[in-house]
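Quick one: the structure is below, questions incoming.
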Amino acid sequence: MSEEERHKQQLQSISASLASLTRETGPKVVRGDPARRPETPRVAHAPDHYITPTFAASDSSLKFTHVLYNLSPAELYEQAIKYEKGSFITSSGALATLSGAKTGRSPKDKRVVRDDVTEDELWWGKGSPNIEMDEQTFLVNRERAVDYLNSLEKVFVNDQFLNWDPENRIKVRIVSARAYHSLFMHNMCIRPSAEELESFGTPDFTIYNAGQFPCNRYTHYMTSSTSIDLNLGRREMVILGTQYAGEMKKGLFGVMHYLMPKRQILSLHSGCNMGKDGDVALFFGLSGTGKTTLSTDHNRYLIGDDEHCWSDKGVSNIEGGCYAKCIDLSRDKEPDIWNAIKFGTVLENVVFDEHTREVDYLDKSVTENTRAAYPIEYIPNAKIPCVGPHPKNVILLACDAFGVLPPVSKLSLAQTMYHFISGYTALVAGTEEGVKEPRATFSACFGAAFIMLHPTKYATMLASKMEKHGATGWLVNTGWSGGSYGSGSRMKLAYTRKIIDAIHSGKLLSANYKKTEVFGLEIPTEVEGVPSEILDPVNTWPNKAAYKETLLKLGGLFKNNFEVFVNHKIGKDDKLTQEILAAGPNF
Ligand SMILES: Nc1ncnc2c1ncn2[C@@H]1O[C@H](COP(=O)(O)OP(=O)(O)O)[C@@H](O)[C@H]1O
Ligand SMILES: C=C(OP(=O)(O)O)C(=O)O
Ligand SMILES: [Ca+2]
Ligand SMILES: [Mn+2]
């Protein structure tokens, strides 16, 4: 096929993606920046002074949509700086940008089309992240997004991949209106080579990101001006009313949580790294518990920081980049992340000096959730391709703001499953007045916001894989020690790293253990580089009665949360189910 023919096919494919479903034909698309190319369609001039207006069935057919297709980071920088308010180059070369009113995800505004197929397949109802919408309403929002995008002078189109496992790779297309979104996805998804792009063909999944344009609140099912709509049958997602880029990343993760289990592949909300000897560790945890920080380890190969698959062949990263939190980031404590913030990296919602362009990572004035999105190869010891053998250690991270969970516990398989299904962490209420108590959250599989099937489906797969490959489970508290939030202090990152080192090296497996009360956790009496007295949290609390009371309170929250799971079978036999039920707090 000639180059010209190939370009024509590519444009046809993009035009088909952007087609209105009622008008059926797609817009006229051309490649390139409209500011550079003066080729806008003209009204035909009749001879003399008569102007004959061109008759067309729809106004949209009079207009060209310029497509900026898989632009390079340099080109996207220029687009962002020229056209997007709040975009600047920082002193280290990153692109600082603002995500607008939304600086975090909006799980309450996520909708999933409930049709004959998804009705039976997906997890619906209490605790489920899947809030239903019907097909018709999806089409209304899709049309709204497509019309908005087609009304623009230009749109960005990214054709990329998900999943480093070549046999289970998914082709994704992201249509967006901002260079910020295009660069973010360039960094976060897997970047195709020039040859791979030539034969890209039809995408398996398409995102229409019309984030600057709100949804219509008079539309059925809409409860705000933000809507993130997933249609698994159509393989499409529509984003209206939020420009937070994480919505696209985590939206695609949800899609993988649906597609992969169909192929007997377990999708995981976890970081993943590998030692020199090929020992792989998974780091499960909710937002802020340390997946990105702890999987980025100078002594180990980084496979990925957030989303993985575990198949019969081993583990594979879903993404091509990392999305690190920047609040309080320091060069000393997190040198690899610090150094990754350079040319090509998207820096969201940070504050910087107007003149020197030095970023102040302590500044929370835009949001606490400041972020950096960079390609995984910006981490010096990234493992490319991002795949590895079966995990040896499965580390469950909890940021316990009550300060009663031990810094590390070795788990039985049943305990691992109990804690995996519970998915506990604590949200710290921030500095707002009146909110003094840390709030416990339980998010099944450490990622209830993204899973599509019932949690027990994923838990069953995890149990059988861990059993088959002899992986050991661990619970690591990266949260508070010496008291709850407010009186105690956050576990020192240096200590957590020592604990993680001891897990990786195998030393912790053969340490001496004792059992805690209430949670029945096995805790080591010694870990190299960590003061022994902090290993049992009771020692760190000045007020022992307060400790016991807090411990029982958290145990009660676990029990309450688990009630909805007691009638579900997990795994092949009832034996494991019974063991899991017995593996929770006992008092
Ligand atoms: N002991 C600790 N372990 C892990 N992270 C810690 C610890 N103490 C403080 N932190 C901070 O907590 C945050 C953890 O966030 P991150 O690694 O992005 O979590 P996730 O990727 O799971 O959302 C980082 O900002 C990190 O610097
Ligand atoms: C991007 C996210 O992931 P994390 O906080 O786990 O890094 C998110 O939850 O929006
Ligand atoms: Ca998360
Ligand atoms: Mn992360």
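To keep it simple, each residue is scored yes or no on (1) within 16 Å of ligand 4 (Cβ to nearest atom); (2) among the β-branched types (Val, Ile, Thr); (3) surrounded by 21 or more Cβ atoms within 10 Å (Cβ to Cβ).
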residue: PRO391; (1), (2), (3): no, no, yes
residue: VAL394; (1), (2), (3): no, yes, yes
residue: LEU405; (1), (2), (3): no, no, yes
residue: ILE421; (1), (2), (3): no, yes, yes
residue: VAL428; (1), (2), (3): no, yes, no
residue: GLU437; (1), (2), (3): no, no, no
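Confirm whether VAL140 is hydrophobic (A, V, I, L, M, F, W, C), in contact (Cβ under 8 Å) with a residue 40 or more places away in the chain, over 30 Å from GLU75 (Cα atoms) and surrounded by fewer than 16 Cβ atoms within 10 Å (Cβ to Cβ). Explain how you work it out, then say what you get.
Numbers: hydrophobic (A, V, I, L, M, F, W, C): yes; in contact (Cβ under 8 Å) with a residue 40 or more places away in the chain: yes; over 30 Å from GLU75 (Cα atoms): yes; surrounded by fewer than 16 Cβ atoms within 10 Å (Cβ to Cβ): no.
It is false that VAL140 is hydrophobic (A, V, I, L, M, F, W, C), in contact (Cβ under 8 Å) with a residue 40 or more places away in the chain, over 30 Å from GLU75 (Cα atoms) and surrounded by fewer than 16 Cβ atoms within 10 Å (Cβ to Cβ).
It is to be established whether one or more residues within the stretch 318-338 are touching a Pro at 6+ places or on another chain (Cβ under 9 Å) and over 18 Å from ILE384 (Cβ atoms). Walk me through how you get there before you give the answer.
In the first step, residues of the stretch 318-338 are kept if they are touching a Pro at 6+ places or on another chain (Cβ under 9 Å); the result is 320-322, 336.
Among the residues that remain, those that are also over 18 Å from ILE384 (Cβ atoms) are: none.
Looking for residues that are touching a Pro at 6+ places or on another chain (Cβ under 9 Å) and over 18 Å from ILE384 (Cβ atoms), one finds none in the stretch 318-338, hence no.
Can you give me the number of residues within the stretch 512-534 that are touching a residue at least 40 places away in the same chain (Cβ under 8 Å) and either over 15 Å from LEU405 (Cα atoms) or of a type in the set (D, E, K, R) (or both)? Spell out how you get there, then give the answer.
Narrowing the stretch 512-534 to residues touching a residue at least 40 places away in the same chain (Cβ under 8 Å): 513, 516-524, 527, 530, 534.
Keeping just the survivors that are either over 15 Å from LEU405 (Cα atoms) or of a type in the set (D, E, K, R) (or both) gives 513, 517, 522, 527, 530.
Within the stretch 512-534, residues that are touching a residue at least 40 places away in the same chain (Cβ under 8 Å) and either over 15 Å from LEU405 (Cα atoms) or of a type in the set (D, E, K, R) (or both) number 5.
So in the stretch 279-288, with the set limited to residues that are more than 9 Å from ligand 4 (Cβ to nearest atom) and either closer than 19 Å to HIS419 by Cα or surrounded by fewer than 23 Cβ atoms within 10 Å (Cβ to Cβ) (or both), which one is farthest from the chain's Cα centre (by Cα)? Even if it seems obvious, please write down each step before you answer.
If we filter the stretch 279-288 for residues that are more than 9 Å from ligand 4 (Cβ to nearest atom), which is where we start, we get 279-284, 286.
Within this subset, residues satisfying the condition of being either closer than 19 Å to HIS419 by Cα or surrounded by fewer than 23 Cβ atoms within 10 Å (Cβ to Cβ) (or both) are 279, 281-284, 286.
Details: ASP279: 24, ALA281: 19, LEU282: 15, PHE283: 14, PHE284: 12, LEU286: 10 Å.
The qualifying residue farthest from the chain's Cα centre (by Cα) is ASP279.
Kindly list the number of the only condition in (1) within 13 Å of ligand 1 (Cβ to nearest atom); (2) touching a Leu at 6+ places or on another chain (Cβ under 9 Å); (3) farther than 20 Å from GLY473 by Cβ that fails for THR289.
Evaluating THR289 over (1) within 13 Å of ligand 1 (Cβ to nearest atom); (2) touching a Leu at 6+ places or on another chain (Cβ under 9 Å); (3) farther than 20 Å from GLY473 by Cβ leaves (3) as the failure.
Condition first: closer than 30 Å to VAL238 by Cβ, more than 29 Å from the chain's Cα centre (by Cα) and of a type outside the set (S, T, N, Q). Now tell me which residues in the stretch 1-18 satisfy that.
Passing the criteria: ARG6, HIS7, LYS8, LEU11.
Among residues belonging to the stretch 276-298 that are part of a loop (DSSP other than H, G, I, E, B) and within 13 Å of ligand 3 (Cβ to nearest atom), point out the one that is nearest to SER311 (Cα to Cα). It would help to see each step written out before you state the result.
First, the residues of the stretch 276-298 that are part of a loop (DSSP other than H, G, I, E, B): 276-279, 285-290, 296-298.
Subset that is within 13 Å of ligand 3 (Cβ to nearest atom): 285-290.
Working: GLY285: 20, LEU286: 22, SER287: 24, GLY288: 26, THR289: 25, GLY290: 24 Å.
Here the residue is GLY285.
Out of everything in the stretch 102-119 that is within 16 Å of ligand 2 (Cβ to nearest atom) and part of a loop (DSSP other than H, G, I, E, B), what residue ends up being farthest from TYR83 (Cα to Cα)? Don't jump to the end; show me each part of the working.
Start the filter on the stretch 102-119 by keeping residues that are within 16 Å of ligand 2 (Cβ to nearest atom), which leaves 102-110.
Still in the running and part of a loop (DSSP other than H, G, I, E, B): 102-106.
On the way: LYS102: 20, THR103: 20, GLY104: 23, ARG105: 24, SER106: 26 Å.
Out of the qualifying residues, it is SER106.
Moving on to the next point. Failed condition for GLY127, given (1) in contact (Cβ under 8 Å) with a residue 24 or more places away in the chain; (2) at negative phi, with all others met?
Going through the list (1) in contact (Cβ under 8 Å) with a residue 24 or more places away in the chain; (2) at negative phi, GLY127 breaks only (2).
Only one of (1) of a type outside the set (Ser, Thr, Tyr); (2) touching a helix residue (DSSP H, G or I) at 6+ places or on another chain (Cβ under 9 Å); (3) within 15 Å of ligand 3 (Cβ to nearest atom) is not met by LEU259, so which one is it?
Single failed check for LEU259: (3).
Between a first residue in the stretch 332-357 that is under 22 Å from LEU294 (Cβ atoms) and in contact (Cβ under 8 Å) with a residue 40 or more places away in the chain and a second residue that is aromatic (Phe, Trp, Tyr) and buried (at least 18 other Cβ atoms within 10 Å of the Cβ), which pairs have beta carbons less than 6 Å apart while being 6 or more apart in sequence or on different chains?
Partner pairs satisfying both residue conditions: THR345/TYR374.
Among the residues of the stretch 89-103, what is the count of those that are in contact with an Asp or Glu (Cβ under 9 Å, 6 or more places away or on another chain) and surrounded by fewer than 19 Cβ atoms within 10 Å (Cβ to Cβ)?
Step one: of the stretch 89-103, the residues in contact with an Asp or Glu (Cβ under 9 Å, 6 or more places away or on another chain) are 90-92, 96-99, 102-103.
Checking the rest, the ones that are also surrounded by fewer than 19 Cβ atoms within 10 Å (Cβ to Cβ) come to 91-92, 98, 102.
Summing the residues that are in contact with an Asp or Glu (Cβ under 9 Å, 6 or more places away or on another chain) and surrounded by fewer than 19 Cβ atoms within 10 Å (Cβ to Cβ) in the stretch 89-103 gives 4.
Right, another one. From the list SER330, SER316, which residue is at pLDDT 95 or above, in a loop (DSSP other than H, G, I, E, B) and not basic (Lys, Arg)? Show your work before the answer.
Numbers: SER316 fails: in a loop (DSSP other than H, G, I, E, B).
Being at pLDDT 95 or above, in a loop (DSSP other than H, G, I, E, B) and not basic (Lys, Arg) holds for just one of SER330, SER316, which is SER330.
Considering only residues of the stretch 297-308 that are surrounded by 24 or more Cβ atoms within 10 Å (Cβ to Cβ) and away from ligand 2 (no atom under 11 Å from the Cβ), which is farthest from PRO166 (Cα to Cα)? Steps first, answer last, please.
Taking the stretch 297-308 first, the residues surrounded by 24 or more Cβ atoms within 10 Å (Cβ to Cβ) are 302-308.
With away from ligand 2 (no atom under 11 Å from the Cβ) added as a condition, the list becomes 302-304, 308.
Numbers: LEU302: 19, ILE303: 15, GLY304: 16, HIS308: 14 Å.
The residue in question is LEU302.
Given the conditions (1) of a type in the set (A, V, I, L, M); (2) within 30 Å of LEU347 (Cα to Cα); (3) within 23 Å of the chain's Cα centre (by Cα), and given that MET417 satisfies all but one, which numbered condition is not satisfied?
(2)
Still on this structure: Go through (1) away from ligand 1 (no atom under 14 Å from the Cβ); (2) more than 27 Å from ARG111 (Cβ to Cβ); (3) within 15 Å of the chain's Cα centre (by Cα) and name the single condition ILE318 misses.
In the conditions (1) away from ligand 1 (no atom under 14 Å from the Cβ); (2) more than 27 Å from ARG111 (Cβ to Cβ); (3) within 15 Å of the chain's Cα centre (by Cα), ILE318 misses (2) alone.
Let me ask something else. Only one of GLY275, GLY290 is within 11 Å of ligand 2 (Cβ to nearest atom) and either hydrophobic (A, V, I, L, M, F, W, C) or within 19 Å of ILE499 (Cα to Cα) (or both). Can you tell me which? Steps first, please.
Details: GLY275 fails: within 11 Å of ligand 2 (Cβ to nearest atom).
It is GLY290.
The values are calculated or read from the model by the stated rules, or taken from the named source; none is laboratory data. Computed from a predicted structure; not experimentally measured. Using ideal geometry, Cβ is built from the backbone for each residue, glycine included, and neighbour counts are taken over all protein chains shown.
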